[in-house]
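The values are calculated or read from the model by the stated rules, or taken from the named source; none is laboratory data. In this text, all values refer to a predicted model and were calculated from it rather than measured experimentally. Cβ atoms come from the backbone with ideal geometry, glycine included; neighbour counts cover every protein chain shown.
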Amino acid sequence: MSLDLPVRAALVHDWLTGMRGGEKCLEVLCELLPDAPIHTLVAFPDQVSATIRRHEIRTSFLQRFPGAETRYRHYLPFFPRAIESFDMREFDLIVSSSHAVAKGIRPAPGALHISYVHTPMRYVWDMFDQYFSRATVGNLQLAFIRLVAARLRAWDVRTVPRVHHFIANSAYVAERIARIYGRDAEVIYPPVDTGRFRVSAEHDGRFLVLSALVPYKRVDLAIEAANRLSLPLRVIGDGPERSRLESMAGSTVTFEGWVDDREIERAYASCRALLFPGEEDFGIVPVEAMASGKPVIAYGRGGATETVREGLSGTFFAEQNAASLADAIEHFERTSFDAQSIRAHAEQFDRSMYASRMQEFILEKWDMHRRAG
């Protein structure tokens, strides 16, 4: 599926250093705009899919900075200047995929810019205190980071007029776009390859957490709840919190680090339910679990409230603490779920739905732009 548009189009993405949810969205945009070069702060093509690698990839001056492959986030103060350094005068249509600064690209006069926003920069807006604290960075560095964050927030708002149309990956993010940027946004949910997953009504008795082990994911709540209820809990993922989490885990909790895609698919199929204790902008992991026919026990805020349906595909806990999660698990154990119904619910978030809606949106906005002269 590709867009038949007689225009010079470009794609913009923050960085290409792995295949996470944002890159899955970019893959579909690459299929819709097969001739569009990708503009990005830094790129390491061996870490992304063949679909993305087929495109011409243009990087910023940050690509030449020391240690850019692993330390690119340390160059955060340079991000605005780097994204603005691209010369976009040859392009009539720009589609950006942004969770940091991609939406701040400078379109040429008369060009159309559509920005798919995964979130406004979390680490300078709503989640600054969860990313940075005196305990983790020290007083002097924290003062410098606060100054950088203030400048980034000012730049982020100042560049809003460069976007003609915003798309949000959830209603939760659309609310943040309205609050921070003062703009409306269409909601188009990210793509989930539901066909990857096998529906299973069986389970091995274990609950599952699949997550990066970082503070805002709140994996500690799942571990505390498992300790309280003596529940078998399987934790797949890794990160800076792993040592702390392992030290607090009881005998029923096991840690496996990251595993390959096939093992993840088997983990979903064999689990009793997925525990999702964090507050996410959207959250692809719950949809993948539901595509496997497995219910989700999620914190009742953020994107999970748009993907999990109470009583049909899972249940929620109201307070972000271990006691509330434990209560929800006990409620879950008294409730029955149908694997095929859960899978049918998940299919509304399939990759094909994202591709179709993005195609329709881009064609509609380009036609409006063309008719407006």
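Per-residue answers, yes or no, for (1) modelled with pLDDT under 95; (2) within 27 Å of Arg357 (Cα to Cα); (3) more than 20 Å from the chain's Cα centre (by Cα):
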position: Ala36; (1), (2), (3): no, yes, yes
position: Glu56; (1), (2), (3): no, yes, yes
position: Gly67; (1), (2), (3): yes, no, yes
position: Arg81; (1), (2), (3): no, no, yes
position: Glu90; (1), (2), (3): no, yes, yes
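For the stretch 4-34, the set of residues classified as within 16 Å of Arg54 (Cβ to Cβ) and either free of Cβ contacts under 8 Å to residues at least 12 places away in the same chain or β-branched (Val, Ile, Thr) (or both) consists of Val28 only. Which condition breaks for Thr194 when tested against (1) more than 30 Å from Ala226 (Cα to Cα); (2) buried (at least 18 other Cβ atoms within 10 Å of the Cβ); (3) within 19 Å of the chain's Cα centre (by Cα)? The number of the failed condition is (1). If you go through the stretch 339-373 and pick out every residue that is touching a residue at least 60 places away in the same chain (Cβ under 8 Å) and either part of a loop (DSSP other than H, G, I, E, B) or basic (Lys, Arg) (or both), you end up with 4. Scanning the stretch 197-213 for residues being within 18 Å of Leu325 (Cβ to Cβ) and either under 21 Å from the mean Cα position of the chain (by Cα) or assigned by TED's automatic domain parsing to the domain that holds Phe166 (or both) gives a total of 5.
Those strands (runs of 3 or more DSSP E) of the stretch 1-69 in which at least 1 residues are surrounded by fewer than 22 Cβ atoms within 10 Å (Cβ to Cβ), considering only elements entirely within it, cover 57-59.
The rows are residues; the columns are (1) surrounded by 18 or more Cβ atoms within 10 Å (Cβ to Cβ); (2) on the phi < 0 side of the Ramachandran plot; (3) in contact with a His (Cβ under 9 Å, 6 or more places away or on another chain).
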{"position": "Asp260", "(1), (2), (3)": "no, yes, no"}
{"position": "Pro295", "(1), (2), (3)": "yes, yes, no"}
{"position": "Gly311", "(1), (2), (3)": "no, no, no"}
{"position": "Ala323", "(1), (2), (3)": "no, yes, no"}
{"position": "Glu360", "(1), (2), (3)": "no, yes, no"}
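Total residues in the stretch 97-151 satisfying the condition of being modelled with pLDDT of 95 or more and either of a type in the set (A, V, I, L, M) or not assigned by TED's automatic domain parsing to the domain that holds Leu16 (or both): the figure is 8.
When you scan the stretch 37-58, do you find a residue that is closer than 24 Å to Phe349 by Cβ, in contact with a strand residue (DSSP E or B) (Cβ under 8 Å, 6 or more places away or on another chain) and in the same structural domain as Arg122 (by TED's automatic domain parsing), even just one? Taking every residue of the stretch 37-58 in turn, at least one turns out to be closer than 24 Å to Phe349 by Cβ, in contact with a strand residue (DSSP E or B) (Cβ under 8 Å, 6 or more places away or on another chain) and in the same structural domain as Arg122 (by TED's automatic domain parsing).
Being under 27 Å from Gly237 (Cβ atoms), aliphatic (A, V, I, L, M) and surrounded by 15 or more Cβ atoms within 10 Å (Cβ to Cβ) narrows it down to one residue among Ala212, Ala201; which is it? Among Ala212, Ala201, only Ala212 is under 27 Å from Gly237 (Cβ atoms), aliphatic (A, V, I, L, M) and surrounded by 15 or more Cβ atoms within 10 Å (Cβ to Cβ).
In the set (1) more than 19 Å from Glu280 (Cβ to Cβ); (2) of a type outside the set (Ser, Thr, Tyr); (3) touching a residue at least 40 places away in the same chain (Cβ under 8 Å), Val173 fails one condition alone, (1).
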